[in-house]
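K.L.:
The structure under discussion is supplied below as structure tokens; questions concerning it will follow.
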Amino acid sequence: MKNKTFSAINVFGLAVGLAACILIAAFVLNELSYDTYPEYAGHLYRIELRITQNGGVVEYPNVDVAVGSGIKNSFPEVLSSSRINRQGEIFVKSGDKLFKESNIAFCDSNFLQIFSIHLTAGDIKSALVLPRSIVISKAMAHKYFGDEPALGKSLLIGREPFKITGIIEKIPDNSHFHFDAFISMATNYYAIHGNTWSNIGFYTYLLLDKKADPKKLEAKFPDLIQKYVAPEAVHDMGISLAEAQKVANTWRFFLMPVTDIHLHSNTKYELEPNGDIQYVYIFGSLAIFTILLACINFTNLSTAASAKRSREVGIRKVLGTVKSQLIIQFLIESVLLSCCALIIAFFLIYLVLPSFNHLSGKQIYFSSFFHFKTIAAVFVFMIFVGFTAGIYPAFFLSSFQTIRVLKGAVLQTPAKGGSLRRGLVIFQFLISTSLIISTLIVYRQLHFMQNKKLGYAKEQVLVIPDTFGLDSNQYAFKQRLLSDSRVVNATISRDVPVGRSEENIDGSEVYASENKAHETESEIHANFFHVDYDYLSTLGMKMITGRYFSKDYGSDSSGVVINEAAVRDLGWKDNQSAIGKTIISSGQHEYRVIGVVQDFNYASVKQKIIPVMMMLRHNNGTLMVKIRTTDVSGFLSDVRKEWNAYNARTPFSYYFLDDKFASVYTAEEKTGQIFTCFAFVAVLIASLGLLGLVAFTTEQRNKEIGIRKVLGASINQVLILLSKEFLFLVSLAFFISIPLTWWLMHNWLNNFAYRINISWWIFATGGIMAFLITLITISFLSIRAAVANPVTSLRSE
């Protein structure tokens, strides 16, 4: 109570560190808990595919329809196999309620059992056995039927009725998939009639015997690949068996533990975006650094306040208190202060938890911090923090010499102690400066991605999905809009060139016909875009050579327009040489190249542009409209009226292409926000630590400052005297941070196919910001010491 300012700074700094550490720990534990909820999670694996082609390796988390059952039937250590296949967006109707659903999947009848997903209504063993049976979540049941029982009722999916045979509560939050409905795999035509091994599409899981060794099981897979994949390559590619066996040798099935999927599997075809183990390491390290910074502050501020308690120590020693009793007293004080800090920390957690959940994409509840195990762990952690933070001040305070302190002698800190405190400040500002520079680099990369030339014009492109609801009136609706002076052009295509994952675009293996004798060298994976005559002009794409589709050429139905990436990957020497060449798909369909379009980013700039084949098709699905108007709301109102005039069987909806583009970089924006938050916390704690060292130094040099002022030193000279040491420490931290930060951010930027170069000015900006923060922090106490009356400090002399 005598040192309110010091105590408040001490407790608040520790509270901020504790709050940040507890929140990060909750995040890390949540990440590590993914897919641990199934009863047999430790023996559950997903079959994944790795293909070596064109000098690179492509990984797929899904395999073909027959792989799971084929492996189960071949090896007795496999107890069960199960598949799930995503449905995609589709309209679901019940009575007058119609919604577009995107979280529906086909799955085998044993899928829910394998993943320990319990039904609140229905029989889990028989719920998904019959065709056109569906299990839905409780939330979905309420959405369509309100409070009425949904079991036994039907939902119209597309144009087919599906009987509800089960209700689940919800998929656990810590799962690598979250579907609202599961349709019986017996409804999936390809799953029933397909028996192939050489494609992808089905996420397949194996439950192994407890004694099974997954590595030994993997070693047996190549024989199955030669047995099943090679003959299919002969059929699909029209090659000899010997050549097909070479193709099969580039394939490898491997097992991914289900508990590792969220943090260790990062293919472009995941059921949902996964986490990243690197972020767990980074955030875990930051949690440790944060609490260390808070403990450092506690140590600095406690020793800074030691001079005011020196006489108390002396009097206690005169009255018979031994050193061990003083140590215990100060340690108890430290633990009690950490208790106060913990209370404030939980208050801070309560305030920031909603923002933290939004930022991290988690659903961590405040009540979860009050479970018995959590409370016990936090209590032990608090004792540890209090002891760690107080151990040095306790020994420091208890070591004062009785006679010297009772005489009012100036406390002299051992050189070793001063070096320790300086080292701790360097460490604090090393972390702070690194985070400031990292934040600048993250936002520079985000700005680069958002402003990179994409190969098409995304501004003022209205996208109207689900135009199949207009039936035969799709093209009449398009022509009606084209008659509007505000419309520049329009195209109907299901393939929107932004924000689409590759698994949502048709793709296949293709190769150049003239290299058929060496198809394993020229075979590539290409994505197919189904377009009409107006696709290129509507989106402002640029032809490099050749021509685009035209109504003047009747043969264009077998023609194809490819991008520059396809030319490169097929091994053709230049774009011009591609014109007239023939490309053959894995289904033995031949296409003649009529033009080459400039590369365009149809997914995130984070991903490398891969080969694209544009084919002329009669399309259903999406209308893209290039407009030119300032009255967007008025135009949308008119479009809605036109839509309703055709009595469409789907509701009118829309979005703008540039908005969709912005949503692609949500993850990178959150990364930038997380770095900003960490940088702010680190700078706040480091500033408090610096404040403690400034206070300690001014306390130690109080009489020196007084003598210098008596001898004529100016206020500016005193400020320089007090500031130069701290600026030197920050400068040292800055120079140490440069190679460390460059290495860390260089590795982070390597995750992007298109990235910025790390410029020198980013480091300079980070250094300037660190210096400004230092000056602002030390200026208050330094100025107060510089302008103080020297008589006050020299009175005892």
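The values are calculated or read from the model by the stated rules, or taken from the named source; none is laboratory data. No experiment lies behind these values; they were computed from the predicted model shown. Ideal geometry is used to build each Cβ from the backbone, glycine not excepted, and the neighbour counts take in all protein chains shown. What goes into the accessible areas is simple: the full protein's heavy atoms, side chains included, and nothing from ligands, DNA or RNA. Shrake-Rupley method; radii C 1.70, N 1.55, O 1.52, S 1.80 Å.
K.L.:
If you go through the range 84-91 one residue at a time, do you hit one that is assigned to a loop (DSSP other than H, G, I, E, B) and open to solvent by 30 Å² or more (accessible area, probe 1.4 Å)? If you could, list the steps in order and put the result at the bottom.
P.N.:
As a first pass, look at the range 84-91 and keep what is assigned to a loop (DSSP other than H, G, I, E, B): 87-89.
From what's left, open to solvent by 30 Å² or more (accessible area, probe 1.4 Å): 87, 89.
Looking for residues that are assigned to a loop (DSSP other than H, G, I, E, B) and open to solvent by 30 Å² or more (accessible area, probe 1.4 Å), one finds at least one in the range 84-91, hence yes.
K.L.:
Being surrounded by 13 or more Cβ atoms within 10 Å (Cβ to Cβ), among the aliphatic types (A, V, I, L, M) and under 28 Å from the mean Cα position of the chain (by Cα) is the filter here; which residues of the range 137-167 pass it?
P.N.:
140
K.L.:
For the range 531-639, please list each of the helices (runs of 4 or more DSSP H) lying entirely inside it that holds at least 2 residues being open to solvent by 20 Å² or more (accessible area, probe 1.4 Å) and of a type in the set (Asp, Glu). Walk me through how you get there before you give the answer.
P.N.:
Details: elements: 535-539, 564-569, 575-578.
Correct list: 564-569.
K.L.:
Kindly indicate whether residue 592 is modelled with pLDDT of 80 or more and of a type in the set (Lys, Arg).
P.N.:
On the way: modelled with pLDDT of 80 or more: yes; of a type in the set (Lys, Arg): yes.
For residue 592, the condition - modelled with pLDDT of 80 or more and of a type in the set (Lys, Arg) - is met.
K.L.:
OK, next. State whether the residues of the range 19-35 include one that is assigned to a loop (DSSP other than H, G, I, E, B), within 18 Å of residue 171 (Cβ to Cβ) and open to solvent by 20 Å² or more (accessible area, probe 1.4 Å). So that I can check it myself, show each step before the final result.
P.N.:
First pass over the range 19-35, keeping only residues assigned to a loop (DSSP other than H, G, I, E, B): 33-35.
Right, trim to within 18 Å of residue 171 (Cβ to Cβ) and you get 33-35.
From what's left, open to solvent by 20 Å² or more (accessible area, probe 1.4 Å): 33-34.
Yes.
K.L.:
Next question. Go through the range 206-224 and give me each residue that's touching a strand residue (DSSP E or B) at 6+ places or on another chain (Cβ under 9 Å) and under 25 Å from residue 111 (Cα atoms).
P.N.:
Kept after step one, since they are touching a strand residue (DSSP E or B) at 6+ places or on another chain (Cβ under 9 Å), are these residues of the range 206-224: 206-209, 212, 214-215, 217-218, 221-222, 224.
Hits for the range 206-224 are 206, 207, 208, 209, 212, 214, 215, 217, 218, 221, 224.
K.L.:
Can you find a residue that is modelled with pLDDT of 85 or more and open to solvent by 20 Å² or more (accessible area, probe 1.4 Å) anywhere in the range 496-509?
P.N.:
First, the residues of the range 496-509 that are modelled with pLDDT of 85 or more: none.
No, there is no match, as no residue in the range 496-509 is modelled with pLDDT of 85 or more and open to solvent by 20 Å² or more (accessible area, probe 1.4 Å).
K.L.:
Can you tell me which residue within the range 244-262, out of those that are over 23 Å from residue 105 (Cα atoms) and crowded, with 18+ Cβ neighbours inside 10 Å, is farthest from the chain's Cα centre (by Cα)? Before the answer, list the steps.
P.N.:
Start the filter on the range 244-262 by keeping residues that are over 23 Å from residue 105 (Cα atoms), which leaves 244-254.
Keeping just the survivors that are crowded, with 18+ Cβ neighbours inside 10 Å gives 244, 247-248, 251, 253.
Details: 244: 39, 247: 35, 248: 34, 251: 29, 253: 27 Å.
Checking each candidate, the answer is 244.
K.L.:
Okay, next question. Quick check on the range 195-225: of everything there that is outside any loop (DSSP other than H, G, I, E, B) and among the β-branched types (Val, Ile, Thr), which residue is nearest to residue 85 (Cα to Cα)? Walk me through it before giving the result.
P.N.:
Going through the range 195-225, the residues outside any loop (DSSP other than H, G, I, E, B) turn out to be 202-208, 214-218, 221-225.
Those left that are additionally among the β-branched types (Val, Ile, Thr): 204, 225.
Numbers: 204: 9, 225: 22 Å.
So the residue we want is 204.
K.L.:
Let me ask something else. With (1) in a helix (DSSP H, G or I); (2) β-branched (Val, Ile, Thr); (3) open to solvent by 10 Å² or more (accessible area, probe 1.4 Å); (4) touching a Lys or Arg at 6+ places or on another chain (Cβ under 8 Å) as the list, and residue 239 as the residue in question, which single condition is left unmet?
P.N.:
Residue 239 satisfies all of (1) in a helix (DSSP H, G or I); (2) β-branched (Val, Ile, Thr); (3) open to solvent by 10 Å² or more (accessible area, probe 1.4 Å); (4) touching a Lys or Arg at 6+ places or on another chain (Cβ under 8 Å) except (1).
K.L.:
Right, next: If you take the residues of the range 749-775 that are part of a helix (DSSP H, G or I) and without any contact (Cβ under 8 Å) to a residue 24 or more places away in the chain, which of them is farthest from residue 448 (Cα to Cα)? Walk me through how you get there before you give the answer.
P.N.:
Kept after step one, since they are part of a helix (DSSP H, G or I), are these residues of the range 749-775: 749, 760-775.
Next, from what is left, pick out any that are without any contact (Cβ under 8 Å) to a residue 24 or more places away in the chain: 760-761, 764, 768, 772.
Numbers: 760: 17, 761: 16, 764: 20, 768: 23, 772: 27 Å.
Filtering first and then ranking leaves 772.
K.L.:
Could you grab me the full set of residues in the range 225-236 that are surrounded by fewer than 16 Cβ atoms within 10 Å (Cβ to Cβ) and more than 20 Å from residue 48 (Cα to Cα)?
P.N.:
235
K.L.:
Okay, moving on. Run down 277, 296, 291, 315 and say which single residue is touching a helix residue (DSSP H, G or I) at 6+ places or on another chain (Cβ under 8 Å), surrounded by fewer than 16 Cβ atoms within 10 Å (Cβ to Cβ) and under 30 Å from residue 19 (Cα atoms). First the steps, then the outcome.
P.N.:
Working: 296 fails: surrounded by fewer than 16 Cβ atoms within 10 Å (Cβ to Cβ); 291 fails: surrounded by fewer than 16 Cβ atoms within 10 Å (Cβ to Cβ); 315 fails: under 30 Å from residue 19 (Cα atoms).
When all the criteria are applied, what remains is 277.
K.L.:
Give the residues of the range 423-471 that are assigned to a helix (DSSP H, G or I), of a type in the set (Ser, Thr, Tyr) and within 27 Å of the chain's Cα centre (by Cα), sorted by residue number. Write out each step before concluding.
P.N.:
As a first pass, look at the range 423-471 and keep what is assigned to a helix (DSSP H, G or I): 423-451, 467-471.
Next, from what is left, pick out any that are of a type in the set (Ser, Thr, Tyr): 432-434, 438-439, 443, 467.
Within the range 423-471, 432, 433, 434, 438, 439, 443 qualify.
K.L.:
For residue 737, are the conditions met, namely being open to solvent by 20 Å² or more (accessible area, probe 1.4 Å), among the hydroxyl-bearing types (Ser, Thr, Tyr) and either over 14 Å from residue 422 (Cβ atoms) or out of contact with any helix residue (DSSP H, G or I) (no Cβ under 7 Å at 6 or more places or on another chain) (or both)? Show your work before the answer.
P.N.:
On the way: open to solvent by 20 Å² or more (accessible area, probe 1.4 Å): no; among the hydroxyl-bearing types (Ser, Thr, Tyr): yes; either over 14 Å from residue 422 (Cβ atoms) or out of contact with any helix residue (DSSP H, G or I) (no Cβ under 7 Å at 6 or more places or on another chain) (or both): yes.
Against the criterion (open to solvent by 20 Å² or more (accessible area, probe 1.4 Å), among the hydroxyl-bearing types (Ser, Thr, Tyr) and either over 14 Å from residue 422 (Cβ atoms) or out of contact with any helix residue (DSSP H, G or I) (no Cβ under 7 Å at 6 or more places or on another chain) (or both)), residue 737 does not qualify.
K.L.:
Can you name every residue in the range 96-123 that is out of contact with any His (no Cβ under 7 Å at 6 or more places or on another chain), in a loop (DSSP other than H, G, I, E, B) and surrounded by 15 or more Cβ atoms within 10 Å (Cβ to Cβ)? Step through it out loud before you land on a result.
P.N.:
Narrowing the range 96-123 to residues out of contact with any His (no Cβ under 7 Å at 6 or more places or on another chain): 96-102, 104-123.
Still in the list and also in a loop (DSSP other than H, G, I, E, B): 96, 102, 108-110, 115-118, 122-123.
If the condition is that a residue be out of contact with any His (no Cβ under 7 Å at 6 or more places or on another chain), in a loop (DSSP other than H, G, I, E, B) and surrounded by 15 or more Cβ atoms within 10 Å (Cβ to Cβ), then 108, 109, 110, 115, 117, 122 are the ones that fit.
K.L.:
Right, something else. Looking at the range 750-763, which of its residues are under 14 Å from residue 608 (Cβ atoms) and not small (Gly, Ala, Ser)?
P.N.:
Applying the first criterion (under 14 Å from residue 608 (Cβ atoms)) to the range 750-763 yields 750-755.
Within the range 750-763, 750, 751, 752, 754, 755 meet the criteria.
K.L.:
Further question on the same structure: Condition test on residue 64, is it acidic (Asp, Glu) and more than 23 Å from the chain's Cα centre (by Cα)? Spell out how you get there, then give the answer.
P.N.:
Working: acidic (Asp, Glu): yes; more than 23 Å from the chain's Cα centre (by Cα): yes.
Criteria met by residue 64.
K.L.:
A further question on this structure: Name the residue that is farthest from residue 49 (Cα to Cα), counting only residues in the range 237-277 that are charged (D, E, K, R) and touching a His at 6+ places or on another chain (Cβ under 8 Å). Can you show your working first?
P.N.:
Step one: of the range 237-277, the residues charged (D, E, K, R) are 243, 246, 252, 260, 268, 270, 272, 276.
Imposing the further condition that a residue be touching a His at 6+ places or on another chain (Cβ under 8 Å) reduces the set to 270, 272.
Details: 270: 13, 272: 18 Å.
Selected residue: 272.
K.L.:
Identify all residues within the range 678-713 that are part of a loop (DSSP other than H, G, I, E, B), modelled with pLDDT of 75 or more and open to solvent by 50 Å² or more (accessible area, probe 1.4 Å); write none if there are none.
P.N.:
711, 712, listed by residue number.
For every residue, the table says whether it meets (1) of a type in the set (Phe, Trp, Tyr); (2) outside any helix (DSSP H, G or I).
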| residue | (1), (2) |
| --- | --- |
| 149 | no, yes |
| 152 | no, yes |
| 166 | no, yes |
| 176 | no, yes |
| 190 | yes, no |
| 228 | yes, no |
| 232 | no, no |
| 245 | no, no |
